[in-house]
Amino acid sequence: MRYLSLVIFIMLCLLSCQGEQRSSNNAAKAITVSNAPLQAGDVINRIKEQVTCDWSEKTVDTYKSGNEESSITGIATTFLATYDVLKRAQAAGLNMVITHEPTYYNHLDEISFFEEDPVFQKKRDFIRDNKMVVFRFHDHWHRTQPDGILLGMNERLGWKEYEIRPNDLIFELPTQSLQSIADYLQQHFQATSVRVVGPRDMEVSKVGFSMGSPGSQAQIEILRMDEVEVLIGGETHEWETVEYVRDAQAQGRKKALILIGHANSEEAGMEYCAEWLQGFISEVPVQFIPAGDPFWTPEAAK
Ligand SMILES: [Zn+2]
């Protein structure tokens, strides 16, 4: 009897092992895995296949360091490849950094102005000495449908139940004071420099969210909408959008502005980017590294 139970036990074990084997085989089928080491070009080619838009010739989405033949040990996604983010990625064994914003302090990552600059030099040398690959993923992450940054931010904002139109970042919230919305954003994003234009006690419900720094005209177009009383944005030219809102208020219009900082307004989109990449890159670890909010204010530092 004891012998029979042992045989049954062994048979059950064998069956369950087969089951595991079968499910892992199925999982492996979904993604093409080759034994050759993953190269940066493989990563970028797969990104090009996955985005819904055509890949533009004229784009800032290019290698800032390394090239398509660079071997990849791991991938970090981030809002911006800061010196600190690069160090953390390198320490974690992630030698490819996919950054939304520029590495070298200007949109096109032009370096001629910085050639003799010690801050630039130290960053460039760190990247070079550690054989890191830096690739910018900005234009096409916004152009793919739906916009990748928008998807991540929509998730992060936590207001989906109040969305007026799908994936438009226009919300109708329960009526509350402008102060209450600003407080929510400060706490929710752990933002250290939320700035508000408009009376604290202004009763509002209609909110539009604008990512990053799209320019004043794009921000003012949202403010003009009847469905928007408050524009929440990343950053803006203070002498343009801010003054438009100040004049609108002086004319008795119900318009306000809350700026939460560029990083806060886009970072969750690069967190989502790591998740998206994991869907078609399985050979190496893919991880999001936050750059964080660079500011502090005397009030917020209390
Ligand atoms: Zn952006």
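Every read-out reported here was derived from the displayed coordinates using simple, explicitly stated rules and does not represent laboratory data. Note that the structure is a prediction, hence the values are computed from the model and not measured. Cβ atoms come from the backbone with ideal geometry, glycine included; neighbour counts cover every protein chain shown.
Computed log10 I(q)/I(0) for the range 148-260 at 0.11, 0.23 Å⁻¹: -0.30, -1.53, from the Debye equation with unit scatterers placed on every C-alpha and solvent omitted. If you plug the beta carbon distance of residue 107 and residue 57 into 1/(1 + (r/R0)^6) with R0 = 22 Å, you get a FRET efficiency near 0.85. Which of 95, 180, 67 sits farthest toward the positive end of the charge dipole of the chain, with +1 on the Cβ of Lys and Arg and -1 on the Cβ of Asp and Glu? Of the listed residues, the answer is 95. FRET efficiency for the residue 295 to residue 69 pair, using the beta carbon distance and R₀ = 45 Å, is estimated at 0.70.
Taking every lysine pair in the chain that is 8 or more places apart or spans two chains, those with Cα atoms closer than 23 Å amount to 16.
The charge dipole of the chain, taken about its Cα centre with unit charges on the Cβ of Lys, Arg, Asp and Glu (plus for the first two, minus for the last two), comes to roughly 960 debye. Restricting the calculation to alpha carbons of the range 241-302 gives Rg and Dmax of 18.7, 59 angstrom. The residue among 237, 259, 158 whose Cα reaches farthest toward the positive pole of the charge dipole of the chain, with charges on the beta-carbon of Lys, Arg, Asp and Glu, is 158.
Compared with the dominant Cα axis of the chain, that is its longest principal axis, helix 118-129 is turned about 20°. Taking a quarter of the surface of the convex hull around the Cα atoms of the chain, what do you get in nm²? Reported value for the Cα convex hull: 23.3 nm². Count Lys and Arg as plus one, Asp and Glu as minus one, and take only other residues whose Cβ is under 14 Å from that of residue 145; the net charge is then -3. The angle between the Cα long axis of helix 148-157 and the longest principal axis of the Cα atoms of the chain comes to about 70 degrees, rounded to the nearest 10.
Rounded to the nearest 10 degrees, the angle from helix 40-50 to the longest Cα principal axis of the chain is 70 degrees.
Exposure proxy for 134, 97: other Cβ atoms within 10 Å of each Cβ, ordered fewest to most, give 134, 97. Run the simple label-point estimate for residue 92 and residue 45 please: 7 Å along Cα→C-beta, distance reported in nm. Going from the residue 92 label point to the residue 45 one covers 2.7 nm.
Which of 235, 116 comes first, and how do the rest follow, when ranked by fewest Cβ neighbours within 10 Å?
Numbers: 235 18, 116 7.
Lowest count first: 116, 235.
Sequence gap at least 6, Cα distance under 8 Å: using those rules, report the relative contact order of the range 148-260 to the nearest whole percent. Spell out each step's value before the answer.
Values: 185 pairs, mean separation 27.7, N = 113.
Once normalised by length, the contact order is 25 percent.
When 55, 239 are sorted by how many other C-beta atoms sit within 10 angstrom of their C-beta, beginning with the fewest, the order is 239, 55.
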